Amino acid sequence: MLTNASRRRPPACRGVEFVATSENSPRSLWVAFSAVCVVAADQLSKFWAVRSLSDQTIDVVWKLRFHLTGNTGFAFSTGQGLGPILGLLALAIVVTLWRMQSRFSSAGSTVALGLVLGGACGNLIDRAFRKPGWGRGAVVDFVDFQFWPVFNVADMAIVVGVALLSIMMWREQRGATTGA
């Protein structure tokens, strides 16, 4: 028996479910748009930092300063020298999150997912293309509060994205539990 949806498909495609539906396409576009914006802001800020901060530190306000550092490890500069493993891990996380995007239904969680993906991609670009080469490149960090490890725009996007995703998931779970 043919349904209305399968009648509109060419005969060779009947019975085949398409992944990109009209519902998923806008979600994918928003995730991709958010991620691209984060990558652009991250890479532009790192370009500026490398050019402007290589021989100076800029005091901004109170404890905030811009101070150029390179991180070959992961969070809080731990795991120094594990660049190739971290690069592969970041790539696996990016692919997994992209494939999971259909599980996020609200606009907020879609944008939050884009923030996390964009941040992961921004730091992955550094690992892949900065000297000395794939997996061994240092992530450019330059935002320094002097009482917290130095970080960058990609790190901020990841933290904000994960926080937003956590809040959205908590709200969705709470709504499902209360029946609202």
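Quick look at the values:
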read-out	value
Candidates Asp155, Asp141 - the one that is under 23 Å from Arg51 (Cα atoms), surrounded by fewer than 22 Cβ atoms within 10 Å (Cβ to Cβ), among the acidic types (Asp, Glu) and touching a residue at least 24 places away in the same chain (Cβ under 8 Å)	Asp155
Positions within segment 120-176 being modelled with pLDDT under 90, more than 23 Å from Thr96 (Cα to Cα) and either in contact with a Leu (Cβ under 7 Å, 6 or more places away or on another chain) or among the aliphatic types (A, V, I, L, M) (or both), in sequence order	Ala138, Ala176
Within segment 95-107, tally of residues that are of a type in the set (Phe, Trp, Tyr) and in a helix (DSSP H, G or I)	1
Options Trp48, Trp30; residue that is under 18 Å from Phe151 (Cβ atoms) and at pLDDT 55 or above	Trp48
Checklist (1) free of Cβ contacts under 8 Å to residues at least 24 places away in the same chain; (2) not in a helix (DSSP H, G or I) applied to Pro149, failing item	(1)
Selected residue (criterion: nearest to Gly175 (Cα to Cα)) from residues of segment 90-136 that are surrounded by fewer than 13 Cβ atoms within 10 Å (Cβ to Cβ) and among the charged types (D, E, K, R)	Arg103
Contacts under 8 angstrom Cβ, first residue in segment 38-56 being more than 20 Å from Val111 (Cβ to Cβ), partner β-branched (Val, Ile, Thr) and outside any helix (DSSP H, G or I), 6 or more apart	Lys46/Val140; Ala49/Val140; Val50/Val140; Ser52/Ile58
Meets criteria (assigned to a strand (DSSP E or B) and either in contact with a His (Cβ under 9 Å, 6 or more places away or on another chain) or at pLDDT 90 or above (or both)) for Val116	no
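Residues are listed down the side, and each one gets a yes or a no for (1) within 21 Å of Val38 (Cβ to Cβ); (2) touching a Gly at 6+ places or on another chain (Cβ under 7 Å); (3) assigned to a helix (DSSP H, G or I):
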{"site": "Thr69", "(1), (2), (3)": "yes, no, no"}
{"site": "Pro84", "(1), (2), (3)": "no, yes, yes"}
{"site": "Leu89", "(1), (2), (3)": "yes, no, yes"}
{"site": "Ile93", "(1), (2), (3)": "yes, no, yes"}
{"site": "Met169", "(1), (2), (3)": "yes, no, yes"}
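The values are calculated or read from the model by the stated rules, or taken from the named source; none is laboratory data. Nothing here was measured: the structure is a model prediction, and the numbers come from that model. Cβ coordinates were reconstructed from backbone atoms using ideal geometry, including for glycine residues, and neighbour counts include every protein chain displayed.
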